[in-house]
1. Find the residue count for segment 66-93, including only residues that are surrounded by 22 or more Cβ atoms within 10 Å (Cβ to Cβ) and closer than 24 Å to residue 153 by Cα.
2. Just one of the numbered conditions (1) surrounded by 19 or more Cβ atoms within 10 Å (Cβ to Cβ); (2) modelled with pLDDT of 95 or more is not true of residue 160; which one?
3. From the set of residues in segment 287-303 that are β-branched (Val, Ile, Thr) and surrounded by fewer than 18 Cβ atoms within 10 Å (Cβ to Cβ), which is modelled with the highest pLDDT?
4. I'd like the full set of residues that are of a type in the set (S, T, N, Q) and crowded, with 17+ Cβ neighbours inside 10 Å, limited to segment 52-65.
5. Please count how many residues of segment 197-215 are of a type outside the set (A, V, I, L, M, F, W, C), buried (at least 19 other Cβ atoms within 10 Å of the Cβ) and outside any strand (DSSP E or B).
6. Please state which of the following conditions residue 32 fails to meet, knowing it meets all the rest: (1) surrounded by 13 or more Cβ atoms within 10 Å (Cβ to Cβ); (2) more than 30 Å from residue 110 (Cβ to Cβ); (3) at pLDDT 90 or above.
7. State all residues of segment 235-283 that are farther than 17 Å from residue 207 by Cβ, assigned to a strand (DSSP E or B) and among the acidic types (Asp, Glu); if no residue qualifies, say none.
8. For segment 157-178, which residues satisfy the criterion of being free of Cβ contacts under 8 Å to residues at least 24 places away in the same chain, closer than 20 Å to residue 238 by Cβ and assigned to a loop (DSSP other than H, G, I, E, B)?
Amino acid sequence: MKAAGCLVLALALVKTASAQPKNTGLVERARLEVAPGGRPIKQLTIENPLGDVKIEGYDGQSIMIETTKTAPDEDALDRLRVSLIPNPDGTVRILTTADGGKEVKTLARAAVKIDLVVRAPRDARIDAAVSAGKLEVINMDAGGELDTASGPISVRNIAGELSTHSISGTTTIAQAFGSVDAQTIASDVELDTIGGERLVASVSRGKIAGRRVRARDVQLTTTEGKITLEAEAPLRGRMVIASLRGDVDVKLRRHGPVTVRVRAARLDLGSSLGAARPGPDGWVEGHLGVKPQAQAAIVELRSRYGFVQFAVIE
């Protein structure tokens, strides 16, 4: 509790805010720097249902926060709150709310907004959630969990275990060097330069597009949506690329033997696997490279009602 009290005092000392009229109402900006207490800051949790969140990693030890509040009038502006909750174990929590009650006028969600820009220690884990706002994370090394309802998720240059969840916001992940798990219901997932041990992406209605993928274990699935992938097949790696109703288009660079298994309504395996024929179980199987097959990467492509296309990139 003492640490929390000191932090509130620091906020009062360093805050510099100004309100200015705009066509959409009033805007108030503030800045805050939070130094670590007894332990380094290792985890940052942000919950902002009222606007955008941008988190950028840097080599320092403090957290620097910029807030921008927007409201139609002075009364509504005063009811917007940003709470900062530090803990002795090195975790910090940031929450945004709009004060209400039976005796005050209800604020329309579209009329108020709080945007956060946060610079955090690069080695801190990030857990962040927004509603319709944009969620952006850049240059972090300890992974995290990101959630949105309809807002887009954008991640660039991140290491560690990363998981993302969205209902209808587009997810874009570039330069990820750890395990990635991206889940969405009704939006697209775009992947670029993905390494690490594991990549999982799942979409109900939307497409998945990946390029420069080098993960050892890759699982991409859609119900209604196309999957396009340009990837490298490592030794003993495994890829499962499957859609119920969408097309699948895979271009593969290989560094050793590869076994390809395909099952689809229609397919084109190109010249590399042109001689492959369906087996008694309905799967078309072909092999690239020479033995030992124990070193072979396994690639499984499926589309029950769609078209599967496969090619080898030399």
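The values are calculated or read from the model by the stated rules, or taken from the named source; none is laboratory data. Since the model is a prediction, treat every value here as computed from it, not as a measurement. Cβ: placed from backbone, ideal geometry, glycine included. Neighbour counts: every protein chain shown.
1. The qualifying residues number 3.
2. (1)
3. Narrowing segment 287-303 to residues β-branched (Val, Ile, Thr): 290, 298-299.
Narrowing further to those that are surrounded by fewer than 18 Cβ atoms within 10 Å (Cβ to Cβ): 290, 298.
Working: 290: 70, 298: 93.
This residue is 298.
4. Taking segment 52-65 and keeping what is of a type in the set (S, T, N, Q), we get 61-62.
Listed by number, the list is empty, since nothing qualifies.
5. Matching residues across segment 197-215 total 1.
6. Only one criterion in (1) surrounded by 13 or more Cβ atoms within 10 Å (Cβ to Cβ); (2) more than 30 Å from residue 110 (Cβ to Cβ); (3) at pLDDT 90 or above is unmet by residue 32, namely (2).
7. 268
8. 161
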